[in-house]
Every structure is written in C-alpha cells, then in structure tokens.
1. Just to be sure I understand the model, the point goes 7 Å from the Cα along the line to the Cβ. What's the resulting residue 335 to residue 98 distance in nm?
2. Using only DSSP helix segments of four residues or longer, with each worth -39500 (n - 2.57), what per-residue ellipticity at 222 nm results for the chain after dividing by its residue count and rounding to 500?
3. So what is the orientation-averaged projected area of the range 22-98, using the convex hull of its C-alpha atoms, in nm²?
4. Out of residues 5 or more away from residue 236 or on other chains, whose amide H comes under 5 Å of its own, with H placed 1.01 Å from N in the peptide plane?
5. Could the peptides 312-323, 296-307 be put in order, highest first, of the mean number of other beta-carbon atoms found within 10 Å of their residues?
6. Output ³J(HN,Hα) for the range 347-355: one whole-Hz value per residue in order, computed from phi by the Karplus curve 6.51 cos²θ - 1.76 cosθ + 1.60 with θ = phi - 60°, and x for Gly and Pro.
7. Nearest-5 percent of antiparallel DSSP beta bridges in the chain?
8. Given the C-alpha centroids of the range 183-216 and the range 250-298, what is the distance between them in whole angstrom?
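Coordinate-derived values only; no laboratory data. All figures in this text were calculated on a predicted structure; none of them were measured in a lab. Glycine also receives a Cβ, built like all others from the backbone with ideal geometry; neighbour counts cover every protein chain displayed.
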Amino acid sequence: MEYNFGDDKKSAYQAQFDAQKIAFAPIMFQAARALRNLGILEKIKTCKEGITIEEIAKDLKLLEYGVKVLLEAGLSLELVYAKDYKFFITKTGWFMMADELTKVNMDFTHDVNYLGFHDLEKSIVNGKPEGLKVFGNWTTVYEALSELPEQVRESWFGFDHYYSDNSFPVALPVLFESNPEKILDIGGNTGKFSIKCAEYNPDVKITILDLPGQLKDAYKNIEEHGFSDRIDGYAINLLDHTKKYPTGYDIVWMSQFLDCFSQEDILELLKKAKKAINENGAVYIMETFWDNQLTDAGRYSLVATSLYFTCIANGNSQMYHTNDMYKLIEKAGLKIEKIYNKVGVSHTILKCVIN
Ligand SMILES: C[S@@+](CC[C@H](N)C(=O)[O-])C[C@H]1O[C@@H](n2cnc3c(N)ncnc32)[C@H](O)[C@@H]1O
C-alpha cells in the first residue's frame, strides 16, 4: 500500500477557522461532554418542536446561565441548531448522544487521557509515557491497569472491548477453519476471547500469556464460565525478551496486542510467536491499521489513539500503518498467507505462516 494522504486545497478563511477549532479543542470537548452528561442533548432530542434555554433549565433544574453558555458552544460545535430561540438537535448531536463509538472514545479521552495529556510534548521528547504519572509511578499503563481508579478502568476496558468485541464473532470461524487443538492467546487480557474460543469449540485448549495483574482477572472470569480445565494462564512480562514462551501451538493469536509495542519489540515478539507454533501452525494478528479503515471516523479515532500510546500507555507504540507491520512480519521470518479485511468495526486479520 502507498503512504499518501491528504492535500492542501482549502481556503485561507476555512483554514483559519479550522485552526481555531484546534486551538479551543479541549474546552469545546468539555462543553460537548457536559451537554451530553447533563442531559441537555437528550432533552432537546425529545422536543421535536424545539425547546428554549429557559425551558431546558427549568426541566433539568440547571442554571439558565450554564445552559446558555453550553448551548452557544453547542451551536458552534454543530451539535444543535437554533430557530427563533428554540433549539433542535443536529445529526452530530445525535451521534454525540447515542453513538457507541463516540461514547467509548469520549469516555476514554476524558477518564484515561485528559489530565495526562498536558505532558504529551514531554512524552514525545523523552520517549516515555509522561502522562501516566497522573495515576502513579509505572513504566507502562499495562502494569498499572489492575490498580487504576475504577472509573478509569471502566473507560479503558469499555474502549478496548468495544473495538475487539465486535470483531470476535468474525474472528472465531476464521481461526477454527484449520480445526486447531491448542491456541496461545498472547495478551489475552481478561480472558474474553479465550472464553469465546472454549464456547465455540468443545475440545480446544487455550493458554493466555499476559501480565500477572491481568491474569488475576482472567482466572476469575474463566472459573465463572467453567473453563478452568481448558484455559490456563502463563504470567510473563513480554518486554523481557530473554523469557521463553511455551511451545507446540497450532495457533498463536494476537488481538489488539502488537500496537502496545515499539517496532523493535514487535520484531522480537513475532520471532517468539513463530517459535511457539508447530510446523504447520499459523500466527494470526488482529489489528486496527489506520490506513485500512472504511470510514474517516475510524481513521481519525486510530491516529488519536496512537497518541494515547505515546503519552499514557508506553511512550513508544502506536496504531500502525499496514506497511510497518508487513515489513516486521517478513523480518521475523513469517509470510502473510491470507488477509481478512473489514473485520468488526475496524480490524484486519493477518494469517501468517512460517516462511
Ligand atoms: C490492548 S490489550 C488487548 C487485549 C485483548 N487481546 C483484546 O483483543 O481485547 C493488550 C494486552 O496486552 C497485554 N500486555 C501489554 N504489555 C504487556 C507486557 N509487557 N507483558 C505482558 N502482557 C502485556 C496487556 O496486559 C493487555 O492485556
């Protein structure tokens, strides 16, 4: 795939306006969030004939002043429009209120990222997730995950699961095409996918590789689903490249996982994944590639998520371009046998075999 994107055709008038959108983005983001959380958008949506500021304030028991300033921002955000002092919801307003993609992205931005992003610039300069310090002293967010405040965890998992959950039903038949007996789920997190595999096939055995904190949650979930005899865990820090993986698997599964690592680390992880599979086995990589999106909304979400990796997660990874991953796969001695596009909201699955 080519690495071409965009042009510079807009007028200076439009360009200056767009620059102001960026200049005030954090303020306007909070305005949109308040309009959503305080129920103002919902109220307007239910009034087909339109509703005034005074009526909204009275019904929601809010100060007229507050409703007024938020709605005037909402006009510029194009979340609402006004006619004769009455407000109406726009399509963007509807998405702000009811669209799951927008909801998980906004909650993730506010709860996980907002405070820490003051230090994005420092993170870029130092190559470290300087924003993570707002939560405590960890090297990566993954070590912190099991100990983060509940609201932060909720938004982190809401974000993570939204993207992967929609892809799991498509991924399962792809994985079980070859009738695997043993699967290694690297970065298996809370065990969601492994449990789905065990439900999908009555004989398959799965091992989850992840950090001890995540495995603690996974064991609980596995037990609750009655799969402790078929799913086990292997606690490991995958950044320690001296550590060996268990071997003898038909499939290595890596979902939304490699984006958590720098290109240098990915190469090591892929080499290890190659060693973990049998001669006829396959490594399946499920990723969200920013250049392989069906919508502008998908691409925009991913390039912003890359900066979460920079500032909060680890300081050195991102949502990759397909070309980045193709090169690393080849370097690791694997070759892509099949590409599955349009998986779930925004994923691609790469089936890789030994070259
Ligand atoms: C973004 S989550 C993806 C979870 C799951 N595979 C999915 O598709 O939803 C990445 C996973 O990789 C794990 N991970 C990240 N860095 C790790 C490390 N250094 N060692 C072990 N696991 C790690 C995290 O704990 C987390 O469970």
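1. My value for the distance between the label points is 5.0 nm.
2. -13500 deg cm²/dmol
3. 4.7
4. Long-range HN contacts for residue 236: 210, 211.
5. Going from most to least packed, we get 312-323, 296-307.
6. Going residue by residue, I get 9, 10, 10, 10, 8, 10, 10, 5, 7 Hz, with x marking Gly and Pro.
7. Close to 45 percent.
8. Taking the Cα centre of the range 250-298 as reference, the centre of the range 183-216 is 16 Å away.
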